[in-house]
Structure formats: structure tokens, C-alpha cells
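Here's the structure, in C-alpha cells; my notes come after.
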Amino acid sequence: MRRILGDYPLFFTALLLSVYGIAMVYSAGVTDTPTFVHGLYRSQAVWLLLGLAGAYGISRSSVRFVEWVTLPAYLFTLFVLALTLVIGKGGGTAASTKSWIAIGGHRLGQPSELMKITVVLMLAKVLSQSRDSPKSLGDLWKPILAVGI
């Protein structure tokens, strides 16, 4: 079994900030009159656990696997982002926007958040393919295209 080397101070700081954020959501929902915020801390805790499981899974996978899955993930996220133009929904004060994917009345999330991750992965893939440093701004057309899309 291979040993996991990581930045433990960074991990525990992020974990403590996440737990603190969930505590703040909990304290905002604890009122005499129940509101929609009342049980929101539970979903935040579930997302935190899913994020930790995903981070653990990525840390155990090989770099080649992450490199292999980058282009399909980037293209899929572009597709879902374009799909929001057709079936996107808004909510709350942003009801007129089309930034959320909703299926059956349940909002699944904003594809733009997933796109942030896949753009960074795609940019790393594109930049790693070039062995020489760029000599001019014209040499950076591939990374600019990956981010610009």
C-alpha cells in the first residue's frame, strides 16, 4: 500500500473552515420560527463528506488516470454548461437567470462550479504538453483557447 503524502496543515485548516461554515449555517437556521434554512446544514454536511470522499479518491488515483479523464470531463462539462442555456433554471433572487440544472424540481447544481475544476485540469494538460517555454504571446494560443471557451 502506498503512503499518502499531503499538506496536513492545509487539509486540517480547510476542514476546520468547512466545519465552521456548517456551524454558521446551523446557527442561522436555529430560530423560533422554522424557515427553509433550518435543515440546510445537513445538506452542507453531506456535500462536505462527498467532497472528502472525492478528494480521497483523487489522491489514491494515478496522475495518468487524472490526465486521461481530463479531456472527457472538460468536454462533458462544456456540454452541460451549454445545456443550461436550454434547460437552465434560476432560483431565489436570481430567478431570471439560467445558471442551475434542475431535474424534476430539484436543483442539482451550477455547472460553472464544475467547470472551474475542469478548466484548471485542462490548462495543466495543455501546458504540460509543451516542453519549451513560450517565446511570444502567440505561443500561448492553446492555453488561452482552453480557458477562453
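The values are calculated or read from the model by the stated rules, or taken from the named source; none is laboratory data. Since this is a predicted model, take the numbers as computed values, not measurements. Cβ: placed from backbone, ideal geometry, glycine included. Neighbour counts: every protein chain shown.
Here are a few things to note about the model shown:
- Residue match in segment 27-37 (condition: of a type outside the set (Ser, Thr, Tyr) and in contact (Cβ under 8 Å) with a residue 24 or more places away in the chain): no
Results for (1) over 16 Å from the mean Cα position of the chain (by Cα); (2) on the phi > 0 side of the Ramachandran plot; (3) aliphatic (A, V, I, L, M), shown as yes or no for each residue.
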| residue | (1), (2), (3) |
| --- | --- |
| Met24 | yes, no, yes |
| Phe36 | yes, no, no |
| Gln44 | no, no, no |
| Leu49 | no, no, yes |
| Gly54 | no, no, no |
| Ser61 | yes, no, no |
| Glu67 | yes, no, no |
| Leu75 | no, no, yes |
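- Within segment 18-48, being of a type outside the set (Phe, Trp, Tyr) and either loosely packed, with under 10 Cβ neighbours inside 10 Å or in contact with a strand residue (DSSP E or B) (Cβ under 7 Å, 6 or more places away or on another chain) (or both) holds for Asp32, Thr33.
- Selection of segment 129-149 for residues being assigned to a helix (DSSP H, G or I) and in contact (Cβ under 8 Å) with a residue 24 or more places away in the chain yields Ala146, Val147.
- Residues of segment 111-123 satisfying the condition of being at pLDDT 90 or above and surrounded by 15 or more Cβ atoms within 10 Å (Cβ to Cβ): Met115, Thr118, Val119, Leu121, Met122, Leu123
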